[in-house]
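Below is one structure; the comments refer to it alone.
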């Protein structure tokens with residue numbers, strides 16, 4: 001395991017002195033696609049702050065069908081419910097391979113108790129994550145699969161900060177809640193337009209500008225909410241977004 005050297009926007013939003021107090025308890029681990037971060041009734045002894053990994057919150061129906069209900073990248077953290085006395089009700093798995101900064105539960109709660117600014121920051125990020133889930137529900141209801149596929153790829157590109165990343169048809173179908181054949185058609189449209197290449201489980205973004213144009217409005221809306229949550233330290237999220 002490596003020591004933390006930056007990359008998660010939540011941790012990096014803290015003043016250097018406050019961040020240094022937390023960093024000494026953090027270890028960086030590598031998550032592979034499919035690794036489980038948290039799950040209901042699990043031990044869940046860590047809070048995970050993605051650096052260039054992307055985590056997926058999924059729900060499984062009685063018939064075994066699995067669908068994504070949220071994602072967490074370098075703008076957030078997984079498992080922060082413990083700060084508010086809540087239990088974990090969903091499974092969180094690694095969607096895109098990468099590094100994660102892990103802070104054990106004891107030191108996380110101690111940091112919350114000792115640092116009012118950190119507590120407020122976690123609260124704003126948790127509120128932004130709830131907004132993201134709500135926006136995604138609306139997005140799934142009213143926007144096309146093509147737009148949602150472009151949005152998903154754009155979000156991953158933003159979070160991992162590299163043009164190329166690995167993702168399977170199966171994962172894409174879970175993320176979008178559609179069949180693999182539908183995912184293939186949406187990805188091929190983006191490829192035919194010269195926006196991405198997609199082959200053998202690997203996506204490469206060729207034009208960020210074109211990809212942004214292909215996204216639905218939800219990409220920009222949720223990005224602005226997270227930017228406000230992470231950059232305005234002395235206002236509640238609702239006021240920060242309004243300003």
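Only one of these conditions is not met by residue 111: (1) surrounded by fewer than 13 Cβ atoms within 10 Å (Cβ to Cβ); (2) in contact with a strand residue (DSSP E or B) (Cβ under 8 Å, 6 or more places away or on another chain); (3) in the same structural domain as residue 48 (by TED's automatic domain parsing). Which number is it?
(1)
Take region 184-205 and flag every residue that is in a helix (DSSP H, G or I) and either in contact with a strand residue (DSSP E or B) (Cβ under 7 Å, 6 or more places away or on another chain) or under 20 Å from residue 217 (Cα atoms) (or both).
186, 187, 189, 190, 191
Return the residue satisfying two criteria in turn: it lies in region 159-178 and is surrounded by fewer than 18 Cβ atoms within 10 Å (Cβ to Cβ) and modelled with pLDDT of 85 or more, and of such residues it is nearest to residue 92 (Cα to Cα).
Residues of region 159-178 that are surrounded by fewer than 18 Cβ atoms within 10 Å (Cβ to Cβ), as a first pass: 161-164, 166, 168-170, 177.
Pick out the ones that are also modelled with pLDDT of 85 or more and you get 161-164, 166.
Numbers: 161: 21, 162: 23, 163: 24, 164: 23, 166: 18 Å.
Within region 159-178, the match that is nearest to residue 92 (Cα to Cα) is 166.
So is residue 211 assigned to a helix (DSSP H, G or I), at pLDDT 95 or above and crowded, with 17+ Cβ neighbours inside 10 Å or not?
In short, yes.
Can you confirm whether residue 147 is over 16 Å from residue 49 (Cα atoms) and in the same structural domain as residue 191 (by TED's automatic domain parsing)?
yes
Check region 132-141 and report whether any residue there is over 20 Å from the mean Cα position of the chain (by Cα) and closer than 23 Å to residue 61 by Cα.
yes
Cβ contacts < 6 Å: first residue assigned by TED's automatic domain parsing to the domain that holds residue 94 and more than 19 Å from residue 32 (Cα to Cα), restricted to region 151-179; second residue at pLDDT 90 or above and surrounded by fewer than 20 Cβ atoms within 10 Å (Cβ to Cβ), any location; separation 6+ or different chain. Result?
Close Cβ pairs satisfying both conditions: none exist.
What's the number of the only condition in (1) within 27 Å of residue 2 (Cβ to Cβ); (2) modelled with pLDDT of 90 or more; (3) surrounded by 15 or more Cβ atoms within 10 Å (Cβ to Cβ) that residue 79 fails to meet?
Here residue 79 clears every test but (2).
The values are calculated or read from the model by the stated rules, or taken from the named source; none is laboratory data. Computed from a predicted model, the values in this text were never measured in an experiment. Neighbour counts run over all protein chains shown; Cβ positions are idealised from the backbone, glycine included.
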